[in-house]
Amino acid sequence: MPNIEATKELARRIREDALRMVHAANASHIGTGLSMADILAVLYGGVLRVDPKRPAWSDRDRLVMSKGHGAAALYAALANAGFFEVARLDTFCQDGTALAGHVSHHVPGVDFSTGSLGHGLSLACGVALGLKVDARAGRAFAILSDGECDEGSIWEAALFAPHHKLDNLVAIVDYNKIQSFGSVKEVLDLEPFADKWAAFRWDVEVVDGHDHEALARVLEAAPKAGRPRAVIAHTVKGKGVEFMEGKLLWHYKAPDAEQLRAALDQVRGSS
Amino acid sequence: MRTAFIQELLAQSRARRDLMLLTADLGFSVLEVFRDEMPSQYLNVGVAEQNMMGVAAGLAHLGKTVFTYSIANFPTMRCLEQVRNDVCYHNLPVRIVAVGGGFTYSSQGYTHHGIEDIGVMRTLPGMVVIAPGDPLETTLATRALCDYPGPAYLRLSKADEPRVHESIEGFQIGHAIQVCDGADVTLVSTGGMLRHVVDVAEALRSRDGIQARVLSMHTVKPLDEAAIARAIEDTGAVMTVEEHNVGSGLGAAVAPVVAQHAGRRAAFRIFGVPDEAYSRVGSVAYMREMMGDLRSATQELVSARRQAA
């Protein structure tokens, strides 16, 4: 079980660094980075069996960040977990950087590049299947966005994983209720969402995606034999910065200098 | 070709636990021998090409060499972005095998005509594109692909194609095979047209007094540019032949080599499927009428070269 004090501190650092990165790069997608910061913190704070000193360790868990637009938060998590220097985060989206605006496998600790939605769950299925075929340790994790679940390919993979009894696979949906051009409810309602995963024969857990104890519990729990786990994590887009919370605008806009100061104050105050 | 493919993959897989075969629910009467003998290296993923390609990439990430199998355009165009992002971007050893290249499924309608696939696949960075000309080329290409690094597309026709080669010495991906030699024109063939091209070359020789060199360009990418350069210098006329859209396949790959060649000027023509939306359906021979007549097209090209000289 991860040390919850440590994961909360990691989440705070992820939020701070991601805010600085998108400000410096004038980049989009801070809202999604803030909504999944706690999920990333719990994963890299102790759930994932990875070794920052040996990123290519063969028995490691693999995390596929299927919502590739969450790159800033993922890179911040990896740097703060020790995969590379935190100072390197300053190169986000700059000329010649490996730290692309969508997740790149050229960054230490990243196994799969993503950015087009609907790819990551199949990749994670392939990893989980391959690990099973060779009776290897290691698990596959995928973090999905809610809007991404509009893609048919997600449901191809959702059919595949239980059929092949991939109980070494965990899919986490960052259910922040806002997609690219409106609320999930308005654009393409996913409800009853947990029921859909259950109907596809996943072992479904519904949690508050900002509750570290709850996240750690469902991510650490032993798998039910033969069943992949779906974690529906209810989150708030822009979580931790009051003026960003629940606002579509922050899928696109980068904070200016004054907004950054205010945002960092709020994030620091919340820890 | 598909029989040659599965027999060779089966033979290689007996000694290679890292080889895996995925199918998107196609391969009836072809894949059963593999499925029954190698169940742990075989998986039918269902009618879901996008997921198949992502799963293949995930498996390849773990060190597997993965062959995916389907027909016509399904394993390429339906999941093109998975091929581009998940396979090519990560430079993973996934081999996309499609049967039904060209007009194999001629009477089944446009959905089943594989006539833009070479063009689509060869635009992807790092993607090897192979369209063997006969069963022996298929066997040797399959064997070579078991060890080739990076992604590849293997475009087959169907079963029972005539064998063209008695034997092939030193088959290599990216190296054209010269089937016969001639000084007047070079016919560069890819895929299942090879038998027809060799027959036309024989007719040109015996009836028209035209000596044609025939190259089997089984690998469209990476292209054997040296073989094209030699054809230009030695024969002064080059005709590419493919059961594929003229705008994006072998001919489109050869054209810049001809245009940029520093030596002799060559007469050049692309023989293939015209670029038009159509609803034509029928036998392979009927469909090939759209492409024109190869013998007379070659005669015209040779005349053009002689007039220009």
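Taken together, the values in this text are just the output of simple stated rules run on the coordinates, not laboratory data. Note that the structure is a prediction, hence the values are computed from the model and not measured. Virtual Cβ from ideal backbone geometry, glycine too; neighbours counted across all protein chains shown.
Being closer than 18 Å to residue B:122 by Cβ and either without any contact (Cβ under 8 Å) to a residue 60 or more places away in the chain or surrounded by 15 or more Cβ atoms within 10 Å (Cβ to Cβ) (or both), is that true of even one residue in the stretch B:198-215? Checking the stretch B:198-215: at least one residue is closer than 18 Å to residue B:122 by Cβ and either without any contact (Cβ under 8 Å) to a residue 60 or more places away in the chain or surrounded by 15 or more Cβ atoms within 10 Å (Cβ to Cβ) (or both). Mind listing whichever residues of the stretch A:180-210 are in contact (Cβ under 8 Å) with a residue 60 or more places away in the chain and closer than 23 Å to residue A:74 by Cβ? Scanning the stretch A:180-210 gives A:180, A:209, A:210. The single condition from (1) crowded, with 20+ Cβ neighbours inside 10 Å; (2) touching a strand residue (DSSP E or B) at 6+ places or on another chain (Cβ under 6 Å) that residue B:137 fails is (2). Annotation note: Cβ proximity below 6 Å between a residue of the stretch B:105-122 that is in contact (Cβ under 8 Å) with a residue 12 or more places away in the chain and more than 15 Å from residue B:78 (Cα to Cα) and a residue that is in a loop (DSSP other than H, G, I, E, B) and of a type in the set (A, V, I, L, M, F, W, C) (sequence gap 6+ or interchain) occurs for B:107/B:281; B:109/B:281. Here A:17, A:59 are screened, and the one residue that is of a type in the set (Asp, Glu) and assigned to a helix (DSSP H, G or I) is A:17. Of all the residues in the stretch B:72-85, those that are part of a helix (DSSP H, G or I) and either of a type in the set (D, E, K, R) or at the interface with another protein chain (Cβ under 7 Å from one of its Cβ atoms) (or both) number 4.
Out of the residues in the stretch A:91-126 meeting the condition of being of a type in the set (A, V, I, L, M, F, W, C) and touching an Asp or Glu at 6+ places or on another chain (Cβ under 8 Å), tell me which one is surrounded by the fewest Cβ atoms within 10 Å (Cβ to Cβ).
Going through the qualifying residues, I end up with A:117.
Please find, within the stretch B:91-129, the residue that is surrounded by the fewest Cβ atoms within 10 Å (Cβ to Cβ) out of those that are closer than 19 Å to residue B:45 by Cβ and not β-branched (Val, Ile, Thr). Looking at the filtered set, the residue picked out is B:92. For the stretch A:227-245, the condition of being aliphatic (A, V, I, L, M), part of a helix (DSSP H, G or I) and farther than 18 Å from residue A:20 by Cα holds for none of the residues. With respect to residue B:51, is the statement that it is over 25 Å from residue B:147 (Cβ atoms) and crowded, with 24+ Cβ neighbours inside 10 Å true? Spelling it out, residue B:51 is indeed over 25 Å from residue B:147 (Cβ atoms) and crowded, with 24+ Cβ neighbours inside 10 Å.
Within the stretch A:127-153, track down each residue that is facing chain B (nearest Cβ under 8 Å), surrounded by fewer than 24 Cβ atoms within 10 Å (Cβ to Cβ) and over 18 Å from residue A:225 (Cα atoms). Listed by number, the list holds a single entry, A:152.
Any residue at all in the stretch B:86-93 that's within 14 Å of another protein chain (Cβ to nearest Cβ), under 21 Å from the mean Cα position of the chain (by Cα), of a type outside the set (Val, Ile, Thr) and closer than 15 Å to residue A:129 by Cβ? Yes. Select from the stretch B:19-71 the residues that are more than 9 Å from chain A (Cβ to nearest Cβ) and among the acidic types (Asp, Glu) and write down the one among them that is nearest to residue A:151 (Cα to Cα). The qualifying residue nearest to residue A:151 (Cα to Cα) is B:25. Criterion first (over 22 Å from residue B:119 (Cβ atoms), part of a helix (DSSP H, G or I) and among the aliphatic types (A, V, I, L, M)) does residue B:262 satisfy it? Here the answer is no, as residue B:262 does not meet what is asked.
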